[in-house]
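Inspection log for the structure reproduced underneath, given as structure tokens.
The values are calculated or read from the model by the stated rules, or taken from the named source; none is laboratory data. From a predicted model like this one, the values you see are computed outputs, not experimental measurements. Every residue, glycine as well, gets a Cβ built from its backbone with ideal geometry; the counts of neighbours run over all protein chains shown. Accessible surface areas use protein heavy atoms only, side chains included; no ligands, DNA or RNA. Shrake-Rupley method; radii C 1.70, N 1.55, O 1.52, S 1.80 Å.
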Amino acid sequence: MTKTSALILVGAIVGLVLGSSMGIAVGGTAYNAMYFLAPTGAFIGWLVSRDKDADGRTSDVGTFSSNSEFGLDEDSAPKSPDNKPDEKNFFMGLFWAAAALLATLWNFQIDLLERVGVLNSFVQRPLYFLALCICISLFFPPFIGLYILAWLGAHQFGISETSKYRADIN
């Protein structure tokens, strides 16, 4: 499984799950939001799979290399006796894609803090991240769960003070 296809699949699944409990009313009728959010999630997964280099050009992140953390290269993936791909590698690819989407959400927050001009304060005092989470959660309670999941996803990609808590999704 390629990284791109894993990100697209996880994005579509997230869109299906979120959209299944919502509706969109248009033109005197209503539709289940999953018809809109599943393709949108897949598109967002594809956008996350695009890697920007130093020149601002985008390139596809490609396949999982054989020396990657999960060892999910399609050619070198171990096959089961009935010639099917190893299911463990498939699920590890989906786990990586979910962590990458969450880390992208974390990086979005870091970009916002940088644009506002307060990122250096957050880097010097990391407990400000917790304070921000609590303050926003007072007005929008589901945010705390999403924030913790985004932090866990970003933590999988090695956030640290030296990188200004930005996840390096590779």
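Let's see how each residue does on (1) within 21 Å of Ile159 (Cβ to Cβ); (2) open to solvent by 70 Å² or more (accessible area, probe 1.4 Å); (3) assigned by the TED database to the domain that holds Thr162; (4) at pLDDT 85 or above:
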{"site": "Leu18", "(1), (2), (3), (4)": "no, yes, no, no"}
{"site": "Glu74", "(1), (2), (3), (4)": "no, yes, no, no"}
{"site": "Leu112", "(1), (2), (3), (4)": "yes, yes, yes, yes"}
{"site": "Arg115", "(1), (2), (3), (4)": "yes, yes, yes, yes"}
{"site": "Ser121", "(1), (2), (3), (4)": "yes, no, yes, yes"}
- Item | Filter result for Tyr165 (touching a residue at least 12 places away in the same chain (Cβ under 8 Å) and either outside any helix (DSSP H, G or I) or in contact with a Lys or Arg (Cβ under 9 Å, 6 or more places away or on another chain) (or both)) | yes
